[in-house]
Amino acid sequence: MSSDSQIAEQTAQAQETQDEHRELDTVTAALSSSSRLVRLLTYIGQRYFQGETDKLHEYDIATEVFGRSSSTFNPGEDAIVRVEAHRLRKRLK
């Protein structure tokens, strides 16, 4: 690949990333009436932009986003992540 085409590709990727950040900001602003949904979507967006979507797990979301205790959180008994993910999907439709 030539240097010019590499630069053009990098510029296009940078523009796409900026567009994605703006879109995330727009959606989170539209969800501003629900701080839980905003926190969840922001966390997911951050992981996406860091290339860490494979690290999105219920336990981590519960403890890092919703403040559940890392020593006592039990996903079998506490459905906070599943409930809020459902609410988020429903609002995004």
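Remarks
- Output for the range 29-51, where each listed residue is hydroxyl-bearing (S, T, Y), under 16 Å from H86 (Cα atoms) and in a helix (DSSP H, G or I): S35, T42, Y43
- Considering the conditions (1) modelled with pLDDT under 95; (2) among the hydrophobic types (A, V, I, L, M, F, W, C); (3) in contact with a Lys or Arg (Cβ under 7 Å, 6 or more places away or on another chain), A14 is excluded by exactly one of them, (3).
- Residues in the range 61-93 that are acidic (D, E) and more than 25 Å from A30 (Cβ to Cβ): E77, D78.
- Residue within the range 35-48 that is loosely packed, with under 13 Cβ neighbours inside 10 Å and more than 20 Å from R89 (Cα to Cα) present: no
- Single residue of D78, D60, D54 found to be within 27 Å of K93 (Cβ to Cβ), of a type in the set (D, E), part of a helix (DSSP H, G or I) and open to solvent by less than 50 Å² (accessible area, probe 1.4 Å): D60
- Where a residue in the range 13-30 is at negative phi and its partner, wherever it lies, is in a helix (DSSP H, G or I) and small (G, A, S), with Cβ under 8 Å and at least six apart: L24/G45; T28/G45
- Residue that is nearest to Q18 (Cα to Cα) [pool: residues in the range 39-93 that are among the basic types (K, R) and free of Cβ contacts under 8 Å to residues at least 24 places away in the same chain]: R47
The values are calculated or read from the model by the stated rules, or taken from the named source; none is laboratory data. Quick caveat: nothing in here was measured; it's all calculated off a predicted structure. Because the Cβ atoms are built from the backbone with ideal geometry, glycine has one as well, and the counts that use them run over all protein chains shown. Note: areas computed on protein heavy atoms with side chains; ligands, DNA, RNA excluded. Shrake-Rupley method; radii C 1.70, N 1.55, O 1.52, S 1.80 Å.
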